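The values are calculated or read from the model by the stated rules, or taken from the named source; none is laboratory data. Only a predicted model underlies this, so the values are computations on that prediction, with no experimental measurement involved. Counting neighbours? That spans all protein chains shown, and the Cβs are built from the backbone with ideal geometry, glycine included.
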Protein chains: 2
Amino acid sequence: MTKKAVCLLSGGLDSAVTAFIAKKQGYDIYALSFRYGQRHTKELTCAKKISTAVGAKNHLILSIDLQKIGRSSLLASSPETIPNHPINEIGRTIPTTYVPGRNTIFLSYALAYAETINAEAIFIGVNAVDYSAYPDCRPRYIQIIQQLARVATCQGVKGKPVRIKAPLLHLSKAQIVKKGARLKVPFSKTWSCYRGGTKACGRCDSCQLRLKGFQEAHQKDPVPYKMR
Amino acid sequence: MTKKAVCLLSGGLDSAVTAFIAKKQGYDIYALSFRYGQRHTKELTCAKKISTAVGAKNHLILSIDLQKIGRSSLLASSPETIPNHPINEIGRTIPTTYVPGRNTIFLSYALAYAETINAEAIFIGVNAVDYSAYPDCRPRYIQIIQQLARVATCQGVKGKPVRIKAPLLHLSKAQIVKKGARLKVPFSKTWSCYRGGTKACGRCDSCQLRLKGFQEAHQKDPVPYKMR
């Protein structure tokens, strides 16, 4: 009897490592990604490559209307530009890259999908260490989503709620890179840069955290950078 | 200083009464509806009429991809047909009209919208009395969504979470009709029938609960029925 897991896949490093952890734990992977009006769709291209690499049974890419409600420099519709913070300031305040409700919307779709295919787990690559002060990346947030799974779904009502798994929650970026290397995650197929393009910018918060992670893990990042 | 409320508006009786309650409480209404692959869009037409009638400041209608993940006889893509249960059996089991995760997805968008416009409240017309055994219409569910608002949003982190208001939660359908009549809700602009068409079928669970509510409230339902 196979176990099914819905894996949220952004195309970034963290969700790729998370999907490979799910695979290692014996789950059949049902990948879920979103076209939500991002500035670039490079990360969706990467999400497809990762879902193939991890051998996903299915990969749903849903289009959602975040642009009509959201306000974030990550959205193509936004007048704000992507910030480049000094590395020691990342995470001190909530930056303009924060998309209101994004993880909650993603997880609510994941709950619906998990209920429909009767999955045992949902994997999400949030982490609360090297992150950007987003409220929806904290342990308390994941706990409440687990409670939501208990009350909001038929499986929950029957006493078998889907488990919300966030295996990177307490890891540093360096630990995530090391774990990914052990699991042979094809890092070259992941994309973390907020800016898109053929080479990562090396300056946005996401690039800086990624580069620091690879450096501290003594691993080489195969993604090309404009500058680092 | 005006107070803003996001009001989930389906076009049905309950959400219409809820929006008029929000208005009565002094909120500026920001209505939110969804095109989610329903069998018919009559209810969206009604949602627009209600948002106009209640004087909404804005009305967002978001298209969402529920058909790709959901399984429900309410979805046009479903092979299942709308059931007609005997009235005394409604609510005993979860029927095929249940859409997995629907309210959770709607509320997650409402949380995002509320965060973006800095709303103080979200109004949702769920009720746990004359309902159809859906897990996401129970008081415990609303409590968890309130907790989610505390941890998932910037307002919550700052100690000012949006309030989740479900003023119909403990009312019977008859009490909802009475309240709507007092608030002069234009019942003729609401649509409850799961089937669409020019006349309500009078036989689906939703029609039966509505008709029973009007009867017990000694009110005339202005919506035309094929049979009642």
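Candidates in segment B:125-136 are the residues that are at the interface with another protein chain (Cβ under 10 Å from one of its Cβ atoms) and buried (at least 19 other Cβ atoms within 10 Å of the Cβ); of these, the one that is modelled with the lowest pLDDT is B:134. As a summary of the residue check, residue B:174 satisfies the conditions (1) within 20 Å of residue B:5 (Cβ to Cβ); (2) assigned to a helix (DSSP H, G or I) except for the one numbered (1).
Taken as a whole, the structure places residue A:181 among residues that are at negative phi, more than 14 Å from chain B (Cβ to nearest Cβ), part of a helix (DSSP H, G or I) and at pLDDT 85 or above.
Scanning segment A:187-209 for residues that are out of contact with any Gly (no Cβ under 9 Å at 6 or more places or on another chain) and not in a helix (DSSP H, G or I) gives A:194, A:195, A:196, A:197, A:198, A:199, A:200, A:201, A:202, A:203, A:204.
Taken together, A:77, A:63 contain a single residue that is modelled with pLDDT under 65 and either in contact with a strand residue (DSSP E or B) (Cβ under 9 Å, 6 or more places away or on another chain) or farther than 27 Å from residue A:122 by Cα (or both), which is A:77.
With the condition kept exactly as written, say whether any residue in segment B:147-165 is touching a residue at least 40 places away in the same chain (Cβ under 8 Å), surrounded by 19 or more Cβ atoms within 10 Å (Cβ to Cβ) and closer than 24 Å to residue B:38 by Cα. The answer is no, given that none of the residues of segment B:147-165 is touching a residue at least 40 places away in the same chain (Cβ under 8 Å), surrounded by 19 or more Cβ atoms within 10 Å (Cβ to Cβ) and closer than 24 Å to residue B:38 by Cα. The residue of segment A:145-171 that is nearest to the other protein chains (Cβ to nearest Cβ), among those that are in a helix (DSSP H, G or I) and either touching a strand residue (DSSP E or B) at 6+ places or on another chain (Cβ under 6 Å) or small (Gly, Ala, Ser) (or both), is A:152. Residues in segment A:33-46 that are more than 10 Å from every other protein chain (Cβ to nearest Cβ), touching a helix residue (DSSP H, G or I) at 6+ places or on another chain (Cβ under 8 Å) and not hydroxyl-bearing (Ser, Thr, Tyr): A:37, A:38, A:46.
Just one of the listed residues (A:105, A:122, A:142) is in a helix (DSSP H, G or I), more than 9 Å from every other protein chain (Cβ to nearest Cβ) and either within 14 Å of the chain's Cα centre (by Cα) or crowded, with 23+ Cβ neighbours inside 10 Å (or both), namely A:142. Screening residue B:175 on (1) under 19 Å from the mean Cα position of the chain (by Cα); (2) within 14 Å of chain A (Cβ to nearest Cβ); (3) over 18 Å from residue B:10 (Cα atoms) shows it passes everything except condition (2).
Considering segment A:1-72, the qualifying strands (runs of 3 or more DSSP E), each wholly inside and each with 3 or more residues that are farther than 30 Å from residue B:32 by Cα, run over A:3-8, A:27-35.
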